[in-house]
Every structure is written in C-alpha cells, then in structure tokens.
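Notes for the one structure printed next.
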Amino acid sequence: MFGFKKRHAKPAEPRVVKIALITGYLGAGKTTLLNHILGNDQGIRAAVIVNDIGEVNVDAALIEKNGVVSQVTDTLVPLSNGCICCTLADDLARQLTDIAQSGKFEYIIIEASGICEPIPIAFTIDNFCKQMSGQGLRVELDNIIAVVDCARMFDEFAGGKDLLADEIDEEDIEALLIQQIEFCTTLVLNKCDLVAPEQIAELKAIVRGLQKEARIVEATQASVNLDELLNTGRFDFNEAYNSAAWLDAMEHPEEHEDPEVLEYDITTFVYQRRKPFNLASFEKCAQGWPDAVIRTKGLVWLADDPNMAYVLEQAGKQVHLQENGFFIATAPEDEFKRIVAANPEVMDDWDEECGDRMTKLVFIGRHMDKDALIAGLDDCLVPWIH
C-alpha cells in the first residue's frame, strides 16, 4: 500500500501596492509629469490623488481634460481646499485605505499641492503602510519625486529675482523649496530648455549642496523615463530623512566637499561651542545673516534657558527657534543612567563641565564669509553660570 504525502500549499504572497509622491512648487511641472506618467501605456493600474489648496482642484481638472485617466485608471481623487501635509492628512489616510483595499490598483500616485511640506505627508503615508501590513496587504512608499523649475531655481539662488506669487511671502517659499529638495529620493530638474548648460551644472551643484543622495534627472516638459519614477525601490524613510546635506555635515564635519559643489563655491561648515548664547544677541545676529547663507540648522544652547535644548532652522530670511527637550545632563540620576545605558553614544561628546550642553550649527551657503559668520556668533556667547 502506497501512501501519498499531503502537499501543503505555500502561503500566498501579500498583494503589493506601491506609492509615488510628487512634490514641487507651484508651476514647476508636477501635473505635466503626472500626465506624462499616466500617458505611458505600460499596463500600470494606477489610482491618482491630486491635492490643491483652493476650493476648485485645477490640477485634477487638467488631468481629466487630458483624457489619460479614463485610459489608465478609473479613480482620480481630488483633495481640495487644504494641504495633505496638515489639514487634509486624515482625508489622505482614508483615501489611501479605500484605494489600497479595493484590490483594483497596483500603484497610487499622489500629486501634492505646490505649498505642501513633504515630511508630514511621508509620515502619513509611512504610518498607513505600517497599518496595512497586518491586513495581508503590503503597501510601500516607493519614491518621493521633487520637481524643480530650473529657471526659477536659478534666479532664486543665483539672481535673487522675485519670481514668487504676490500673495505668498517670499521667505516662506524659500524655506519650502529647500525642504522639498532636502526630502526626496528623485529630483527632476525640469524646463532645462529654458536655461543654459552651464546654469544646469550650477543648479546641480546647488541641489547637491542641499541634498547629497537623491537621484537627479534633467527634463524638458517633465519628460522622464518611467524607470526613474516608478518601481524604483529608492525610498527608505530614515535614509531619506538623513539625506539632507546639513545632517551629513553634522555627522561628518571633517569630510571634504563634493568637487562639483566646491566648483560653485557652495560650502558647508559646522559651528560648535560649549558656551551659551545670549538670546537677544543671537536673534539679532541670525536675522542679519546675508543672502549667501542658504540653510542653517542645528542645536542651540541659550543662557536665558540653560537646561533646554533648542533647534534652529533657517532658510533665507526665515529663522525659527523652538524647544527640543531638556539636555540629558539635567536629568535626575536614575533617569540619566537609564538614558546612557540605552544610548551609550551620548557620552562620546560629553563634557565634564557642560555635559551635553552645546551649540552645534551646520551652515550651507554660497560665497559665505565663514570667518565673519563665526565672529558674529562668538560675539553672542556669554559665560555659563551654574
């Protein structure tokens, strides 16, 4: 008598839905890029979410007018009258859930509003992906694509011309442009036909001075090979967050600059001191930094509040200083031991007198007078009385 072993079927692989997020300032070419993606018939079953800050979603209307949605997907979700990075974040999560669970689509393409900050959107998507993992569905944020208008970008950083919308403050937009560049995995330099080749080379250097890892692609009329946009496997939240050049400089201040960046005098330096700033003096100093300073970010120690660590973020004339929690040196003994045991690396840069109290700022700029900036900051330092 022969026996037959029962074969156990392998568990089915979870269905995969991938997400691509398109960011970029108003007029950069996001909708053109989205239409380009949808117009390339490669059998991709994609749902589209389009965000617009106004009551009427103009971008969604343009996509529908071009007719590509009916050819490629039957789902276009307009999210209007707010930004998906803040007021519409919950709406975005609900729409992502409905689309992913429908079983109809293998890709979700999101076009963010021109004034959206990318990191909060990525947080929303990342949390959504984690929630779906327990439901037999694998959802992945595959690529964050930042679209940049070459002509506007060149004037913003090199010429200083006012190409911004009248109703939007220039300082806020400058900060937003930098955030969009710093947090992406693919950066499309669009409208390359409107600038000279040497200007494109300079723009690449400016971009690389802010973002050290992203794939940079040149384009005219947002025409980009789909392999650069979909199914790239490029996005990892921690890697994307840490790809900003200021973070790299903070961790590796001794490393040399990229030669391409140095060619255009885009430099980075770290200012570090173990004395606190007088707040009023420091604020006056920071507000007076020249246009040559593109980006500053880091830790600040203030004599006015010596136990609290502050974080400074500067882009253009916009300067923000906010609390970031107490220095570890201020913790009670039991709590201090627990923190050190869990994070022994905090002792690598420990000072016997100050503990972890310090100011550590990364400067990124073009034609910066490093000595003058350092001298100005040093004039704001005061003795620590403890």
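Values in this text are rule-based calculations from the coordinates and carry no lab data. All values reported here derive from a predicted model rather than from experimental measurement. Note: ideal-geometry Cβ built from the backbone for every residue, glycine included; neighbour counts use all protein chains shown.
In this simple spin-label approximation, GLU353 and VAL340 carry label points 7 Å from Cα along the Cα→Cβ vector, and these lie 2.0 nm apart. The Cβ shell under 11 Å around ILE200 holds other residues with a net charge of -2, Lys and Arg each +1, Asp and Glu each -1. Contact order for the range 298-357, expressed relative to its length and based on alpha carbon pairs under 8 Å spaced 6+ residues apart, stands at 26 percent. Near PHE123, once Lys and Arg are set to +1 and Asp and Glu to -1 for all other residues with Cβ below 12 Å from its Cβ, the sum equals -1. Full extension of the chain segment joining ASP305 with ARG94 gains 71.8 nm, where the gain is 0.36 nm per residue of separation less the Cα-Cα distance. Is any residue of the range 91-126 close enough, with backbone N under 17 Å, to a label point placed 7 angstrom from the Cα of GLU239 along the Cα-Cβ axis, and if so, which? Of the residues in the range 91-126, 126 have backbone N under 17 Å from the label point off GLU239.
Of LYS18/LYS360; LYS130/LYS212; LYS204/LYS275; LYS18/LYS204, which sit over 30 Å apart, Cα to Cα? Going by Cα-Cα distance, LYS18/LYS360; LYS204/LYS275 fall outside the 30 Å limit.
Near GLN211, the amide H atoms lying under 5 Å from its own belong to ALA245; only residues 5 or more places off or on other chains count, and H is placed 1.01 Å from N.
Other residues lying with their Cβ under 13 Å from the Cβ of ALA375 contribute a combined charge of -2, Lys and Arg counting +1, Asp and Glu -1.
With a Förster radius of 25 Å applied to the beta-carbon distance between ASP227 and LYS130, the computed FRET efficiency rounds to 0.35. In the range 86-106, whose amide N lies under 20 Å from the spot 7 Å out along Cα-to-Cβ of ARG138? List them in ranges. The answer is 97, 99-106.
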